[in-house]
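Notes for the one structure printed next.
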Amino acid sequence: SQQGEEDPQALSIQEGENATMNCSYKTSINNLQWYRQNSGRGLVHLILIRSNEREKHSGRLRVTLDTSKKSSSLLITASRAADTASYFCASYRGSTLGRLYFGRGTQLTVWP
Amino acid sequence: ETGVTQTPRHLVMGMTNKKSLKCEQHLGHNAMYWYKQSAKKPLELMFVYSLEERVENNSVPSRFSPECPNSSHLFLHLHTLQPEDSALYLCASSQDSQRGNQFFGPGTRLTVL
């Protein structure tokens, strides 16, 4: 399978703590993306990191990419209860089909 | 939501019914996608349309039939489904099929009895 895997499958923290989720993928990529999904809803694009980038920030989000290890991490700083959701990484190979390869996701629960 | 709408949001159907899912995007995108999301499984890409032409059919059973009449609308016609087809069906669009990030609709929760 070319799909990625997130780790851990579930993460439970208190408000104010940082949350770190990891993702591994299997083939060379053009970019890697992180999405968020609230229960039973559609996915929302959070951040995209290109294969020639190592780190990217967006607000309280920090994404790293290590292409030698085929892995990425998403850090959410100073978490809030509203951050409770499932987080997915998706690898993009840059083919003409625009196909994203999603993992199973990490379920993050932030307790107030 | 993100500019991609899906109707209905919930659908319950018997195995002999015929129904259709509708997706509409208001973003001026040229590529549209159908995904299936089942519990504890990664998102499964079902179909990709680019400029109204199907560019990928990911080994989906023929009881699922997509239709893309124009770049803003995408349908998924359903007939003689099985209970294991119960899932969240997500539509997405992107500027074109070579641009990575996709915009998702809220999904249709389908239950097949």
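The values are calculated or read from the model by the stated rules, or taken from the named source; none is laboratory data. In this text, all values refer to a predicted model and were calculated from it rather than measured experimentally. All Cβ positions, glycine included, derive from the backbone under ideal geometry; neighbour counts span all protein chains shown. What goes into the accessible areas is simple: the full protein's heavy atoms, side chains included, and nothing from ligands, DNA or RNA. Shrake-Rupley method; radii C 1.70, N 1.55, O 1.52, S 1.80 Å.
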ask   = When you scan the stretch B:87-113, how many residues do you find that are within 14 Å of chain A (Cβ to nearest Cβ) and surrounded by fewer than 19 Cβ atoms within 10 Å (Cβ to Cβ)?
value = 7
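Criterion first (on the phi > 0 side of the Ramachandran plot, more than 10 Å from chain B (Cβ to nearest Cβ) and open to solvent by 30 Å² or more (accessible area, probe 1.4 Å)) does A:Gly40 satisfy it?
Working: on the phi > 0 side of the Ramachandran plot: yes; more than 10 Å from chain B (Cβ to nearest Cβ): no; open to solvent by 30 Å² or more (accessible area, probe 1.4 Å): yes.
The answer is no for A:Gly40.
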inquiry  = What's the total number of residues in the stretch A:84-106 that are modelled with pLDDT of 95 or more, within 14 Å of another protein chain (Cβ to nearest Cβ) and open to solvent by 40 Å² or more (accessible area, probe 1.4 Å)?
reply    = 0
remark   = In the stretch A:10-37, residues that are surrounded by fewer than 16 Cβ atoms within 10 Å (Cβ to Cβ) and touching a Phe, Trp or Tyr at 6+ places or on another chain (Cβ under 9 Å) total 6
inquiry  = Suppose we filter A:Thr20, A:Thr27 for residues that are of a type in the set (Val, Ile, Thr) and out of contact with any strand residue (DSSP E or B) (no Cβ under 7 Å at 6 or more places or on another chain); which single one remains?
reply    = A:Thr27
request  = Give the stretch A:52-83 a look and list any residue that's under 17 Å from A:Glu15 (Cβ atoms) and either within 13 Å of chain B (Cβ to nearest Cβ) or without any contact (Cβ under 8 Å) to a residue 40 or more places away in the chain (or both), or say none.
outcome  = A:Gly59, A:Arg60, A:Leu61, A:Ala82
From the options A:Ile76, A:Ile49, residue that is open to solvent by less than 20 Å² (accessible area, probe 1.4 Å) and under 26 Å from B:Ser93 (Cα atoms) = A:Ile49
message = I want to confirm something. Restricting to the stretch B:39-86 and keeping residues that are touching a Ser or Thr at 6+ places or on another chain (Cβ under 8 Å) and within 11 Å of chain A (Cβ to nearest Cβ), which single residue is surrounded by the fewest Cβ atoms within 10 Å (Cβ to Cβ)?
response = B:Val55
inquiry  = Looking at the stretch B:7-26, can you tell me whether even one residue there is within 12 Å of chain A (Cβ to nearest Cβ) and modelled with pLDDT under 95?
reply    = no
inquiry  = Step by step: first the residues of the stretch A:62-83, then only those that are within 13 Å of A:Asn31 (Cβ to Cβ) and β-branched (Val, Ile, Thr), then the one that is modelled with the lowest pLDDT. Which residue is that?
reply    = A:Thr67
